[in-house]
1. Based on the alpha-carbon gyration tensor of segment 175-295, what equivalent-ellipsoid semi-axes (square roots of 5 times the eigenvalues) come out, in whole Å, largest first?
2. Below 8 Å between Cα atoms, with a sequence gap of 6+, how large is the relative contact order for segment 249-295 in percent?
3. Normalized C-alpha radius of gyration of segment 249-295, against 2.2 N^0.38 Å?
4. Pop a pseudo-label 7 angstrom from the Cα along the beta-carbon direction at both PHE78 and ASN270 and give the gap in nm to one decimal.
5. For segment 143-230, what relative contact order do you get, as a whole percent, if you take Cα pairs closer than 8 Å and at least 6 residues apart?
6. Taking R0 as 45 Å, what's the FRET efficiency between TYR176 and VAL90 from their Cβ-Cβ distance, rounded to 0.05?
7. So, in Å, what gap is there between the alpha-carbon centers of segment 102-144 and segment 187-252?
8. Report, to two decimal places, the Cα Rg of segment 68-199 normalised by 2.2 N^0.38 Å (N = number of residues).
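What follows draws every value from the coordinates through simple rules; no lab data is involved. Quick caveat: nothing in here was measured; it's all calculated off a predicted structure. FYI the Cβ positions are ideal-geometry reconstructions off the backbone, even for glycines, and counts take in every protein chain you see.
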Amino acid sequence: MGRFCSQCGNPVKGERKFCGQCGTQIRSRINNTNVQDKNIKNKKLNAIHTSIHKKIISNGLNTFFNFDFLKQKKIASFLILVIVIVSSIVFMATDLDGDQLNLLFELQNGLLFYVNDTDGDGLLDGEEINLFSTDPLCWFTDADNLTDWEEVKQYHTSPLKIDSDGDKLRDDIEIYTYHTDPNKRDSDSDGISDYAEIIVYKTLPLNEDTDYDGLKDGAEIDIDTDPILYDSDSDGVKDGSDDHPKIHDWKLQDSDQDGWSDYREIYISNTNRFDSDSDGDGIIDSKDDNPTGIL
């Protein structure tokens with residue numbers, strides 16, 4: 001059996017102690033032979049592994065580029081699209097400024113998505129839309145010069161009506177000018193609306209008896225006396241105590257319309273000035289020979 005170099009595998013002739021090819025020392029015939037056989041096997045195995053790897057890589061790349069890559073690209077594109085859509089939906093549904101409205105709604109309605117009170121009236125945009133039906137883009141929805149916040153939170157008037165109580169006076173005028181109640185048509189409960197007292201009769205809308213004559217302003221209007229005159233007929237008796245506050249001289253009055261003045265009935269005939277038939281005999285006092293019924 002021949003000898004071979006353990007390093008390069010070159011055959012060694014004769015009894016040489018060193019390899020003529022690489023100079024490696026030749027130890028023994030048996031060892032050199034075993035090493036040579038082992039090296040040859042290793043080379044063959046390496047060649048087989050290299051061939052297999054090349055085939056795997058070649059086939060894999062061909063398959064990936066010819067089919068899998070395109071398929072995976074489509075799947076990846078679809079997943080990215082889904083992620084973008086879901087993210088957009090979530091983002092649009094987010095309330096960025098804490099005004100109880102989502103981003104999509106604010107963008108659609110021209111509201112500021114980074115400010116929770118777009119018109120600066122003190123109410124959140126969401127409150128205006130969902131609770132009070134006011135305009136989140138206008139600080140006084142009903143144009144009465146009171147902010148929506150003042151109407152809703154402070155004065156409890158209607159932010160949608162310029163005249164909450166329907167008395168023909170604007171809410172802001174009642175509050176700031178006349179100090180009347182914007183939620184009450186007749187602030188002093190005298191039977192006359194605030195508007196009528198201020199504009200028509202010139203009475204005090206916060207005083208039920210403007211002239212202090214004992215009659216409410218509304219009552220004086222009803223009986224046609226002057227609500228701003230203590231004594232409408234100037235007879236020295238205040239209207240509230242005057243049986244006939246519209247007639248100046250009570251001596252000429254005929255309360256029961258029986259043809260005799262009250263003065264005569266009281267001081268001359270001694271009859272009832274409020275009863276045209278004092279004795280109840282069916283004959284009015286002025287026609288009765290005995291109107292008192294006393295013999």
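1. On the way: eigenvalues 349, 35, 17 Å².
Gyration-tensor ellipsoid for segment 175-295: 42, 13, 9 Å.
2. Values: 67 pairs, mean separation 13.4, N = 47.
Averaging sequence separation for qualifying contacts and normalising by length gives 29 percent for segment 249-295.
3. Values: Rg = 9.6 Å, N = 47, 2.2 N^0.38 = 9.5 Å.
Computed over Cα atoms of segment 249-295, the ratio equals 1.01.
4. Between PHE78 and ASN270, the label points sit 12.1 nm apart.
5. Here the relative contact order equals 17 percent.
6. On the way: r = 48 Å, r/R0 = 1.06.
Once the sixth-power term is evaluated, E becomes 0.40.
7. 49
8. Working: Rg = 24.3 Å, N = 132, 2.2 N^0.38 = 14.1 Å.
Ratio of Rg to 2.2 N^0.38 Å for segment 68-199: 1.73.
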